[in-house]
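See structure below.
Taken together, the values in this text are just the output of simple stated rules run on the coordinates, not laboratory data. Just so it is clear, the structure is predicted and the values come from calculations on it, not from any experiment. Please note: Cβ atoms are built from the backbone with ideal geometry, for glycine as well, and neighbour counts cover all protein chains shown.
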Amino acid sequence: MMIMAGLLLTLTGCRQESDNVMSYAFNDAMAFQKADTSFVGEFEVFWNGMNTNYALWDYELENGLDWDNVYQKYYPKFAELDEKDTVTDEELGNLLNEIVKPLHDGHLVIKLMNHSTGNYVTASPSHLRVGDEREEEYTATENFLPSLKYYQDKGKILEMRSASTNVIGQLIGIWVAYIKEQITGLKLKTDRTQDEEERLNAFQSAYNDLYQIVKTDNLNAYNPFAIRYEWLHIPYLEPINLNLYEHPVDITYALLEGNIAYLSFNHFRLSAYLDADICKEFFGQPTGLTKLAVESVQNTWNSWFSAIQELKKAGNLGGVIIDVRSNGGGMLNDYQYVLGALLPSGGHHMADARFKRGPGRFDYSPIMPQTMPTMKEEHETVTEPIVVLCNCNSVSMAEMTSMGAKVLENGTLIGTRTWGGFSALSSNVNYSNNYAGYVGIQNVTPVFCYIPQEVTFSILDGKIVEGHGVEPDIEVSMDFDAWNKGNGSDSQLDRALQFIRTGN
């Protein structure tokens with residue numbers, strides 16, 4: 001009996017808190033009380049929340065990370081922070097980065113409040129990993145936007161359509177020119193009436209206010225601006241649904257030589273525009289500029305899909321290219337409008353998944369098929385070559401699409417290895433059902449952890465791809481020197497076109 005008691009003391013002696021499971025899913029006073037004023041308290045919430053919610057502990061252990069050792073090593077370091085009069089954001093950030101860097105989940109984000117400064121410091125293991133391992137490509141592709149200008153200039157595009165929900169960005173030039181014109185005209189009048197004087201002052205104020213909106217990127221200030229100056233009748237100046245900016249999409253369709261249908265878009269948010277129910281949820285009954293933006297996205301996607309359907313029926317489809325380079329992901333439902341629009345109805349088993357299903361560290365579900373949605377409506381199935389283009393900033397749903405291409409008989413993935421962030425996310429609404437969700441509330445509780453609920457396995461080799469990414473079938477680096485100078489073609493797109501046309 002004494003031996004057992006001694007063993008218990010040995011196992012629990014380094015922990016001053018009970019190991020009973022506590023939910024950190026909500027802003028519970030008991031859960032976060034110590035963390036509100038103590039760095040040690042923050043560390044304990046972070047460590048315990050991860051211990052309960054994280055879906056990759058067996059994989060991390062295989063890769064040499066023992067979460068208990070993390071507690072023993074870093075608890076004293078956070079205790080030292082509590083002894084200091086001042087802790088800098090850099091100091092706290094460096095310590096947090098050191099802890100999370102070995103973790104593999106590609107979506108994981110941790111935020112801790114610095115009690116000394118009142119600021120939050122943020123750590124993301126995937127940004128640290130990709131930035132270290134692939135620094136040059138990571139930097140080059142972070143703000144990369146695919147463009148077909150070179151192919152337009154060379155006359156290699158048969159038809160093309162594009163759309164952007166950034167209606168403010170498209171109209172700013174028109175507004176500025178009109179306002180300046182009105183100011184100039186009114187200033188030239190030496191005998192201005194009181195009404196004209198008021199209009200001149202209003203136009204000058206409108207110009208200054210518009211400049212501040214653009215300068216500070218404060219889109220929430222746009223609608224009050226539009227309402228305030230509505231009486232000036234500035235062309236196209238009217239309120240919009242700000243969900244256009246919370247869920248923006250830039251989308252391009254082109255039919256390239258050889259009847260190759262190309263589609264690119266910068267976010268997987270197509271469902272907000274293409275799915276009637278989701279569109280209504282996001283935009284209500286769109287009117288004015290909002291309606292124009294929504295319809296422009298719909299029309300661009302329809303042009304791509306209709307071209308594929310018509311060419312397929314006529315036996316003239318050369319192939320399809322889906323460009324998800326530097327696409328940060330988004331809605332799972334979008335799969336049916338992208339790769340799923342080319343496949344049979346009934347879903348596409350493109351990977352396997354395992355979910356977090358209990359409060360224990362290793363409480364996981366069995367590995368189950370991960371079936372993505374495909375188009376339900378009657379449509380032609382594409383048997384011609386399908387190429388997906390990817391790079392190291394292709395994340396989440398962009399990677400699901402990349403993986404989907406790899407498992408198709410007529411699918412090929414071209415580009416460079418993707419980011420490595422597949423795990424699906426969930427809110428805390430069903431926390432008690434799956435023991436997975438966020439820790440805390442972002443920018444409210446002193447600790448916030450953005451933790452996915454599952455892990456994805458490749459059906460090609462059974463391996464976990466989290467933290468590594470999808471390897472392309474044909475690896476092609478982008479020639480950014482020529483691209484950035486504007487005098488070169490897209491080397492990755494060129495390889496996709498070559499493959500479709502020649503089979504090699």
In whole angstrom, the spacing between the Cα centers of the stretch 487-504 and the stretch 20-48 equals 53 Å
For K313, give me every one of the aspartates and glutamates with a C-alpha distance below 17 angstrom, ignoring sequence neighbours fewer than eight places off in its own chain. E377, E378, E380, E384
When the helix-only estimate is applied to the chain (DSSP H runs of n ≥ 4, each -39,500 (n - 2.57), divided by the residue count), what is the mean residue ellipticity at 222 nm, nearest 500 deg cm²/dmol? -12500 deg cm²/dmol
With just the Cα atoms defining each centre, how far is the stretch 195-270 from the stretch 75-120? Give it in Å. 38 Å
log₁₀ of I(q)/I(0) at q = 0.13 Å⁻¹ - the stretch 168-232, Debye sum with one point per alpha carbon: -0.36
Mind checking Rg over Rh on the stretch 113-158, alpha carbons, Kirkwood formula for Rh? 1.36
FRET efficiency, 1/(1 + (r/R0)^6) with R0 25 Å, evaluated for N484 and L232 via beta carbons: 0.05
Shape parameters for the chain, alpha-carbon atoms, Rg then Dmax in Å: 26.7, 103
Once the dipole of the chain is set up from charges on Cβ (+1 Lys and Arg, -1 Asp and Glu), the residue from the list I168, S491, F305 lying farthest towards its positive end is F305
Would you please give the FRET efficiency between E475 and E196, computed as 1/(1 + (r/R0)^6) with r the Cβ-Cβ distance and R0 = 60 Å, to the nearest 0.05? 0.35
In Hz, Karplus ³J(HN,Hα) per residue of the stretch 297-304 (6.51, -1.76, 1.60; θ = phi - 60°; x = Gly, Pro): 5, 4, 5, 5, 5, 4, 5, 5
Volume per residue (Å³) of the convex hull spanned by the alpha carbons of the stretch 100-202 is 288 Å³
Against the rule of thumb 2.2 N^0.38 Å, how large the Cα Rg of the stretch 21-132 comes out: 1.05
Give, as a single signed number, the net charge of other residues whose beta carbon lies under 11 Å from the beta carbon of N266, with Lys and Arg counted +1 and Asp and Glu -1. 0
Which whole-number percentage describes the relative contact order of the stretch 168-232, with Cα contacts under 8 Å and a sequence gap of 6 or more? 29 percent
Over the stretch 235-274, with a single point scatterer placed on each C-alpha, what log10 of the ratio I(q)/I(0) does the Debye formula yield at q = 0.30 1/Å? -1.01
With both partners inside the chain, how many of the DSSP beta bridges are antiparallel, as a percent to the nearest 5? 65 percent
Give the calculated FRET efficiency between S306 and L171 to the nearest 0.05, with a Förster radius of 41 Å applied to their Cβ-Cβ distance. 0.90
For the stretch 259-405, count all C-alpha to C-alpha pairs, find those more than 29 Å apart, and express that count as a whole percent of the total. 23 percent
Counting Lys and Arg as +1 and Asp and Glu as -1, what is the net charge of the other residues whose Cβ lies under 11 Å from the Cβ of P76? -1
How big is the dipole moment of the stretch 80-169 about its Cα centre under a simple scheme where the beta carbon of each Lys and Arg is +1, that of each Asp and Glu is -1, and everything else is neutral? Debye, nearest 20, please. 900 debye
For the stretch 168-232, with only Lys/Arg (+1) and Asp/Glu (-1) charged at the beta-carbon, what is the dipole magnitude about the Cα centre, in debye rounded to 20? 180 debye
Using the Karplus equation 6.51 cos²θ - 1.76 cosθ + 1.60 (θ = phi - 60°), what ³J(HN,Hα) coupling, rounded to whole Hz, does each residue of the stretch 143-149 give in order, writing x for Gly and Pro? 10, 6, 10, x, 9, 10, 4
Treat every Asp and Glu Cβ in the chain as -1 and every Lys and Arg Cβ as +1, leave all other atoms uncharged, and give the resulting dipole magnitude about the Cα centre to the nearest 20 debye. 860 debye
